[in-house]
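Participant: Just dropping this structure here.
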Number of protein chains: 4
Amino acid sequence: MVESEKYSLSLGIFAPCADRFVTGGYHEELTLEKMIQKAASVEGASGLELDYPFMRPAADNPAILEKLLKDNGLQLCTIEIDHYSGNKWKYGALTSEDKSIRKEAVALAKRGMDLAVELKANQINIWLGHDGYDYPMEVDYSAYWNRTIDGIREIAEHRDDCRVCLEYKLKEPRVHSLMGTVGDTLVIANTIGLKNVGVNIDTGHAFIAFENLGNSMALCHHFDKLFYLHWNDNCRDWDHDMIVGSIHLWETLEALYWLNRLGYKGWHSLDIYPYRQNAVEAAAESIRSLKKLMAIAKSLDEKKLNSLRQSNDVTGILRYMREMTIK
Amino acid sequence: MVESEKYSLSLGIFAPCADRFVTGGYHEELTLEKMIQKAASVEGASGLELDYPFMRPAADNPAILEKLLKDNGLQLCTIEIDHYSGNKWKYGALTSEDKSIRKEAVALAKRGMDLAVELKANQINIWLGHDGYDYPMEVDYSAYWNRTIDGIREIAEHRDDCRVCLEYKLKEPRVHSLMGTVGDTLVIANTIGLKNVGVNIDTGHAFIAFENLGNSMALCHHFDKLFYLHWNDNCRDWDHDMIVGSIHLWETLEALYWLNRLGYKGWHSLDIYPYRQNAVEAAAESIRSLKKLMAIAKSLDEKKLNSLRQSNDVTGILRYMREMTIK
Amino acid sequence: MVESEKYSLSLGIFAPCADRFVTGGYHEELTLEKMIQKAASVEGASGLELDYPFMRPAADNPAILEKLLKDNGLQLCTIEIDHYSGNKWKYGALTSEDKSIRKEAVALAKRGMDLAVELKANQINIWLGHDGYDYPMEVDYSAYWNRTIDGIREIAEHRDDCRVCLEYKLKEPRVHSLMGTVGDTLVIANTIGLKNVGVNIDTGHAFIAFENLGNSMALCHHFDKLFYLHWNDNCRDWDHDMIVGSIHLWETLEALYWLNRLGYKGWHSLDIYPYRQNAVEAAAESIRSLKKLMAIAKSLDEKKLNSLRQSNDVTGILRYMREMTIK
Amino acid sequence: MVESEKYSLSLGIFAPCADRFVTGGYHEELTLEKMIQKAASVEGASGLELDYPFMRPAADNPAILEKLLKDNGLQLCTIEIDHYSGNKWKYGALTSEDKSIRKEAVALAKRGMDLAVELKANQINIWLGHDGYDYPMEVDYSAYWNRTIDGIREIAEHRDDCRVCLEYKLKEPRVHSLMGTVGDTLVIANTIGLKNVGVNIDTGHAFIAFENLGNSMALCHHFDKLFYLHWNDNCRDWDHDMIVGSIHLWETLEALYWLNRLGYKGWHSLDIYPYRQNAVEAAAESIRSLKKLMAIAKSLDEKKLNSLRQSNDVTGILRYMREMTIK
């Protein structure tokens, strides 16, 4: 069995991991160089997801970035468009009532696409953290959906050699996000109807929407829209960005079974937030878990599973899964 | 101001309302005639939603039903296809591994459409309660989505003078339903692409999926898919089918504001489950709440709201809503 | 290593498992004899929890019951007082506004205690399913707490050779139960202050209250109140009564680690609800999971865990747990 | 009717309100003087809750603080002990594995008590944000409960002229807090058994634990432990610290009814987090809502409510509440 999965890391893993109580963060702030070096030291990781714009001066000079990646033996997997860390986005990026903000949001994504292509990742990720609402009656939903669809279409039409991954999330930082579920996202992607628009399933976001990972993956695949993955875990209550497999062992294993079955060839990118943990260790343990579980997933007897499913023998399935997994 | 909303009742409101502990139900079992008489006694209701197949002998003789409705001054608003109350559906209707069950499920819906047209409701509702899964690894999601889409398409193609409303629900009786959110349902409806396939937003189901009613309504409307409504309430945790407005006052008011704004002309059907309450009173109080809140919704100053929204003045919106609503 | 855990079964596992949609249940109704025979056929189970009053004629004749248990090689572990399956309890048992209902509820529990002692279980379980509320403003909470404390005290004072286990649950069948969490229950037990009043931790109920099993067990143990256990699983969203370990593998393992550490000697009773599964198989698989995980729990190196905890090395703990558990 | 409620403000309302995405905060950082001036400008507020230690130099000089309060016409209502904003508390304050941290946590609270008495508030609030755990197997629960009880006892014994309010919260910043529910907190307070140890019900925290405010208030009152209130709102899913009454209108009204009935004489302190709102307006609107709803609560006919409750007429109660509240 050849192990062919590619594991990558979100740069944010090595950030201070602030929250609203410890606003200075739980870890010290590092330079971009140091963060990338840390990423390179994570066993099993070969890719990196970077936010655009990056810290200066890298943001203004892709060559710097290219060298940094190369020197550290890492490949750029995706450019994450930063539509969320600045206060200016607080009332939304693509949905803002302020037309100039919407315009800026689109322009930023386009520049990110150019960079992604230049750096051979050919993929951006869009997560619209502030495009939502907090209170009843706060926003004009119709206008928001129109703006979201128009904005993403305009971005995607910029160039067809770069994939646009849409990352949904039910909530946070808004009480309600507009694009909250896999269904919402497929509605948008299908409505736009461009080949380069697809879905990034952040596993923790799927959990908080009470989705099952395998199911969401299969649904996206049905429309050729399973583009990208963010791995992490939580208790289905909030996007805690925990170490992979630390809570949802069975659902994580099932997801890997489905990815294998669906022939997913994209990156397995970690998007954990190790507030109180050693970031390198937390990432490495996440990859070890994924590898271990993928090996189990690949060893499952599909014929046996099919037969058990056809006879609705769920107890047989659970027993088989336990015997294949637990020591 | 002319009051033009049409209120209808699910027949189940007058059922014994059993649960898994009080399996005999909290109320005595009534004949179909008595149930319809009770429905007719609810102030403000002019329509009735009936399950197909009905109790015998009505199920075999639409004329009986027509007379019952007429005698009680009620109009049939929708035929609810019963894909869930028999043990035979327990592993799914449209998604069952058993092809004969799937065939039966489609046939049942087609017969229901014929009846709905004959009785001038021209609308059926499909809620696929058992089409889902309980455990990780239990089902083949890809097959399930294919079967769901194919099944609904086959039903809808039966005749184009009858609307097919799809009612989503996140869970119950399965731990996970397949068609769980407004997004899922629009993906299916849009993929099928038939004019007579749309969405029934059960407000309680929307709440448990952490949707905002107004938002889900606006999104359905964007695709001309807002066909029907089931009104009830809960605490966003489970489909308790409570009296309308008893928990989510502001979200219910906002929903009515959006329905008014979107020009919704369909039925406002109650789908409450008054386990421990007097059913007639619970339904009447729900309609009184809806009417009261709709009057407030209609009196809102759209210009003022727009202006507050454009300046992101959510506090101003909350104050205005409170002043317009609270004594 | 001697395996000393005692596994028992709730009789309800072999009931039709009705819900509000399939009111006739997913399985056929069996006689008491057949149910007990089925229980006896579950590999690994040596105990049975029975509801009082039982089906007639057993309810009126403990000798019949004793013989049934003996003939099937099962030991009675607990008498569950049935304060919930009759419609008469619908507005509460110990908290009912109707004094005669409250009196009846207390008397029923006392008779159950006598029977539990006669049949050498010396333990009853009280779950007050209807003692709660659905709507804001519905009940007088102060009166409800007083009645709950007074009622349980009166029951417990009936005889001190029988333990009274209090089983909390956040909700269902009421939208809110009065005694919803481990904390609520300890407040009551400690206030009553009798040695024979303690807690039954239903693991699924703990999950829906967002408790961690190990923590709730340790807290009960702190007050010598960890009397009894009901095992099952769910997704923290609702009391689905699923097969043990099928969702919360790590939390179940952690619970067994704590039980071992705390020296718990009571019964491990299954309280699953196998709606769509073969009941005997579902119970057997639950016990197999518990045994497998208990063996792992007992093999953990306490010294190593302590050392990792003292250095706040949670990643190290997760790695160790994974290596000890996953193949 | 004399309006006697005292409204106060948490200083944090006027903080930048950072979150993990907008780490610099949604508002500009103000000096302590400016924050207090803002607080003073909130119509209806007469009290202020201050964190200890305060910003320098005020932290070292109570006289500065006293003058600031006096100059702005505000009364100190409580000293909030800051056991959470520094990175040093990240593995817990009273429960830390590091004994010196535990000692520092106790000492800090004692100094806060001295200050509270000096400034005539005679009350501190303790919220143990980091005293919890994120992952299964992470901590030694038994040790944690012992340390929590011992630590709070030691603090409370410091002086009996200062009340110690315990503020529970189910989670955040930890995935699980140790002291998560009203029940947990009463267990601790009752076990310590000192008159000056009681409960602060943060209404949003109660909501996320699926508590009903009125019920939690009545339960605390039963043990003379209802010391203090933090008002805010959310959707029961997370501690969003929203404007009071903006989501849970009926539960907020019910809470005020119970406070009135229980004779609560303490402060009504706002603990909202107006990320995207004008802080002064958000606070003022919260107080306006509370006043409006308290007036309705006081006008309710207790005799009528009792009579409806005695006949289990919940529909009658809902109708009455709606008629008394909605225009």
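The values are calculated or read from the model by the stated rules, or taken from the named source; none is laboratory data. Every value quoted in this text rests on a predicted model; they were computed, and no experiment measured them. Heads up, the Cβs are rebuilt from the backbone with ideal geometry, glycines too, and the neighbour counts pull from every protein chain shown. Side chains included, ligands, DNA and RNA excluded: accessible areas come from the protein's heavy atoms. Shrake-Rupley method; radii C 1.70, N 1.55, O 1.52, S 1.80 Å.
Participant: List for the stretch D:150-175: residues with 30 Å² or greater reduction in accessible area, all protein chains versus chain alone, probe 1.4 Å?
Facilitator: Buried by the other chains: D:Leu170, D:Lys171, D:Glu172, D:Pro173, D:Val175.
Participant: Let me ask you something else. Based only on Cα atoms, what mean projected area does the convex hull of the stretch C:27-186 have, in nm²?
Facilitator: 10.3
Participant: If I ignore ligands, DNA and RNA and count only protein heavy atoms, how much of D:Phe223 is accessible to a 1.4 Å probe, in Å² to the nearest 10?
Facilitator: Accessible surface of D:Phe223 is approximately 40 Å².
Participant: Give, rounded to the nearest 20 debye, the magnitude of the charge dipole that chain C has about its Cα centre when Lys and Arg contribute +1 at Cβ and Asp and Glu contribute -1 at Cβ. Don't skip to the end; give the middle numbers.
Facilitator: Details: 38 positive and 47 negative charges, 146 e Å.
The calculation lands at about 700 debye.
Participant: How many angstrom lie between the Cα centre of the stretch A:82-160 and the Cα centre of the stretch B:52-103?
Facilitator: 46
Participant: Now for a different question. Translational diffusion coefficient of chain D at 4 °C, 1.567 mPa s, Stokes-Einstein with Kirkwood Rh over Cα pairs, in µm²/s as a whole number. Write down the numbers at each step before the final one.
Facilitator: Working: Rh = 20.4 Å.
Rounded to a whole number, D works out at 64 µm²/s.
Participant: Shape call for the stretch B:137-179 from the C-alpha gyration tensor, a ≥ b ≥ c root eigenvalues: rounded (a/c under 1.5), prolate (a/b greater than b/c) or oblate? Before the final figure, lay out each step's value.
Facilitator: On the way: a/c = 4.52, a/b = 1.68, b/c = 2.70.
Oblate is the answer for the stretch B:137-179, as a/c is 1.5 or above yet b/c matches or exceeds a/b.
Participant: List the residues of the stretch A:182-226 that lose 40 Å² or more of accessible area once all protein chains are present, compared with their chain alone (1.4 Å probe, heavy atoms only, no ligands or nucleic acids).
Facilitator: Listed by number, the residues meeting the 40 Å² cut-off are A:Val187, A:Phe210, A:Asn212, A:Asn215, A:Leu219, A:His222, A:Phe223.
Participant: Right, something else. Enter the mean number of other protein chain beta carbons within 10 Å of the beta carbon of each residue in B:87-97, as an integer. Don't jump to the answer; show the numbers that get you there.
Facilitator: Details: counts 10, 1, 2, 6, 4, 1, 0, 0, 0, 1, 5.
Mean inter-chain Cβ contacts per residue within 10 Å come to 3.
Participant: Got a sec? Which residues of the stretch D:287-315 lose 50 Å² or more of accessible surface with every protein chain in place, vs. that chain alone, 1.4 Å probe?
Facilitator: D:Arg288, D:Lys292, D:Arg309, D:Asn312, D:Val314, D:Thr315
Participant: I've got another one for you. Gaussian network model of chain C, Cα springs within a sub-10 Å range: biggest mean-square fluctuation belongs to which of C:Ile192, C:Ile64, C:Ile149?
Facilitator: C:Ile64
Participant: Nearest 100 Å² is fine: what is the total accessible surface buried where chains A and C meet, probe 1.4 Å?
Facilitator: On the way: alone 15610 and 15660 Å², together 28490 Å².
The summed interface area works out to 2800 Å².
Participant: Identify all aspartates and glutamates with a Cα-Cα distance to A:Lys99 below 16 Å; exclude those on the same chain that are fewer than 8 residues away in sequence.
Facilitator: Within the straight-line cut-off, A:Lys99 pairs with A:Asp131, A:Asp140, A:Asp150, A:Glu154.
Participant: Follow-up question, since we're still on this one. For a 32 Å ceiling on Cα separation, which of these pairs sit above it: A:Lys90/A:Lys195; B:Lys88/C:Lys70; B:Lys169/B:Lys265; B:Lys6/D:Lys303? Kindly include the intermediate steps, with their values, before the conclusion.
Facilitator: Numbers: A:Lys90/A:Lys195 30 Å; B:Lys88/C:Lys70 37 Å; B:Lys169/B:Lys265 23 Å; B:Lys6/D:Lys303 37 Å.
Correct reply: B:Lys88/C:Lys70; B:Lys6/D:Lys303.
Participant: Something else about it: Counting DSSP beta bridges with both partners in the stretch D:184-282, what percentage is antiparallel, nearest 5?
Facilitator: Numbers: 1 of 8 bridges.
Once the DSSP bridges in the stretch D:184-282 are tallied, antiparallel ones form about 10 percent.
Participant: How far is helix B:213-222 tilted off the main Cα axis of chain B, in degrees rounded to 10, range 0 to 90?
Facilitator: Around 70 degrees separate the two axes.
Participant: Still on this structure, I have one more. Can you list the distances in nanometres, one decimal and ascending, from the D:Asp160 label point to the identical position in each other copy, with the point 7 Å along Cα to Cβ?
Facilitator: Copy-to-copy label distances for D:Asp160: 3.1, 8.3, 8.6 nm.
Participant: Trypsin sites (Lys or Arg not before Pro), restricted to the stretch D:112-208: which are DSSP loop and have at most 12 other Cβ atoms within 10 Å? Walk me through the intermediate numbers first.
Facilitator: Details: sites: D:Lys120, D:Arg147, D:Arg153, D:Arg159, D:Arg163, D:Lys169, D:Lys171, D:Arg174, D:Lys195; in loops: D:Lys120, D:Arg159, D:Lys169, D:Lys171, D:Arg174, D:Lys195.
Filter output for the stretch D:112-208: D:Lys120, D:Lys195.
Participant: Defining a contact as two alpha carbons under 8 Å apart and six or more residues distant in sequence, what relative contact order in percent does the stretch C:94-166 show? Intermediate results must be reported in sequence, preceding the final value.
Facilitator: Values: 63 pairs, mean separation 33.2, N = 73.
Result for the stretch C:94-166 is 46 percent.
Participant: Whenever you get a sec, line up A:Asp98, D:Asp237, D:Asp71 from highest to lowest accessible area (probe 1.4 Å, protein heavy atoms). Provide the component values of the computation, followed by the final result.
Facilitator: Working: A:Asp98 75, D:Asp237 20, D:Asp71 100 Å².
Largest to smallest exposure gives the sequence D:Asp71, A:Asp98, D:Asp237.
Participant: What residue of chain D has the nearest C-beta to the axis that moves D onto C, and what is that distance in Å, given as a whole number?
Facilitator: Here the nearest residue and distance are D:Gly183, 1.
Participant: In Å and on Cα atoms, what radius of gyration and Dmax does the stretch A:175-311 show?
Facilitator: When restricted to Cα atoms, the stretch A:175-311 yields Rg and Dmax of 15.4, 46 Å.
Participant: Taking a label point 7 Å out from Cα toward Cβ, give me the nm distances from B:Asn72 to the same spot in the other copies, shortest first, one decimal.
Facilitator: Spacings between copies for this position, smallest first, are 4.4, 6.4, 7.0 nm.
Participant: Next question. I'd like the FRET efficiency for D:Ala63 and D:Lys298, computed as 1/(1 + (r/R0)^6) with the beta carbon distance as r and R0 of 35 Å, rounded to 0.05. Don't jump to the answer; show the numbers that get you there.
Facilitator: Working: r = 40 Å, r/R0 = 1.14.
Calculated value: 0.30.
Participant: Still on this model: With a probe of 1.4 Å, find how much accessible area chain C has per residue, and write the answer as a whole number in Å².
Facilitator: In whole numbers, chain C has 32 Å² accessible per residue.
Participant: Leaving out ligands, DNA and RNA, and with a 1.4 Å probe, what % of the accessible surface on the stretch B:79-177 is carbon or sulfur?
Facilitator: On the way: 1310 of 2980 Å².
Its accessible area is 44 percent carbon and sulfur atoms.
Participant: Could you estimate the translational diffusion coefficient of the protein assembly as shown from the Stokes-Einstein equation, with Rh from the Kirkwood formula over C-alpha pairs, at 37 °C and 0.692 mPa s, in whole µm²/s?
Facilitator: On the way: Rh = 31.8 Å.
Value of D from the Cα-based Kirkwood radius: 103 µm²/s.
Participant: Cross-link partners among aspartates and glutamates for B:Lys292, C-alpha distance below 19 Å, same-chain residues fewer than 8 apart left out?
Facilitator: Hits, sequence-local ones excluded: B:Glu3, B:Glu5, B:Glu43, B:Asp233, B:Glu251, B:Glu254, B:Asp271, B:Glu281, B:Asp301, B:Glu302, B:Glu323, D:Glu323.
Participant: How much mean residue ellipticity at 222 nm does chain C get from its helices, if each DSSP H run of length 4 or more adds -39500 (n - 2.57) and you divide by all residues, to the nearest 500 deg cm²/dmol? List each step's numbers first, then the result.
Facilitator: On the way: 11 runs with 139 residues, N = 327.
My calculation for chain C gives -13500 deg cm²/dmol from helical runs alone.
Participant: Hey, another quick one. DSSP beta bridges in the protein assembly as shown, what fraction antiparallel, as a percent rounded to 5?
Facilitator: Details: 14 of 138 bridges.
Bridges in the protein assembly as shown are about 10 percent antiparallel.
Participant: Let me ask something additional. Nearest 10 degrees, 0 to 90: what angle lies between the long axis of helix A:141-157 and the longest principal axis of chain A (Cα atoms)?
Facilitator: Long axis of A:141-157 versus the principal axis of chain A: about 90 degrees.
Participant: Can you compute the equivalent ellipsoid semi-axes for the stretch D:1-95, i.e. the square root of 5 times each eigenvalue of the Cα gyration tensor, sorted largest first and rounded to whole Å?
Facilitator: Working through the eigenvalues yields semi-axes of 25, 16, 15 Å.
Participant: Mind checking which of D:Ala282, D:Ala63, D:Ala189 has the largest fluctuation in a GNM of chain D, springs on alpha carbons under 10 Å?
Facilitator: D:Ala63
Participant: While we're on this one: Just to be sure I understand: with springs between alpha-carbon atoms less than 10 Å apart, which residue in B:Asn200, B:Asn190, B:Asn232 has the highest mean-square fluctuation in the Gaussian network model of chain B?
Facilitator: B:Asn190
Participant: Count neighbours as other Cβ atoms within 10 Å of each site's Cβ, and list the GluC sites (Glu not before Pro) in the stretch C:1-46 that are DSSP loop with at most 10 such neighbours.
Facilitator: Details: sites: C:Glu3, C:Glu5, C:Glu28, C:Glu29, C:Glu33, C:Glu43; in loops: C:Glu3, C:Glu5, C:Glu28, C:Glu29, C:Glu43.
When the GluC sites (Glu not before Pro) of the stretch C:1-46 are filtered for loop state and at most 10 Cβ neighbours within 10 Å, C:Glu3, C:Glu28 remain.
Participant: So if R0 is 41 Å, what FRET efficiency would A:Ala143 and B:Ser85 give, r being the distance between their Cβ atoms, rounded to the nearest 0.05? Write out the running numbers ahead of the final one.
Facilitator: Numbers: r = 42 Å, r/R0 = 1.02.
E between A:Ala143 and B:Ser85, to the nearest 0.05, is 0.45.
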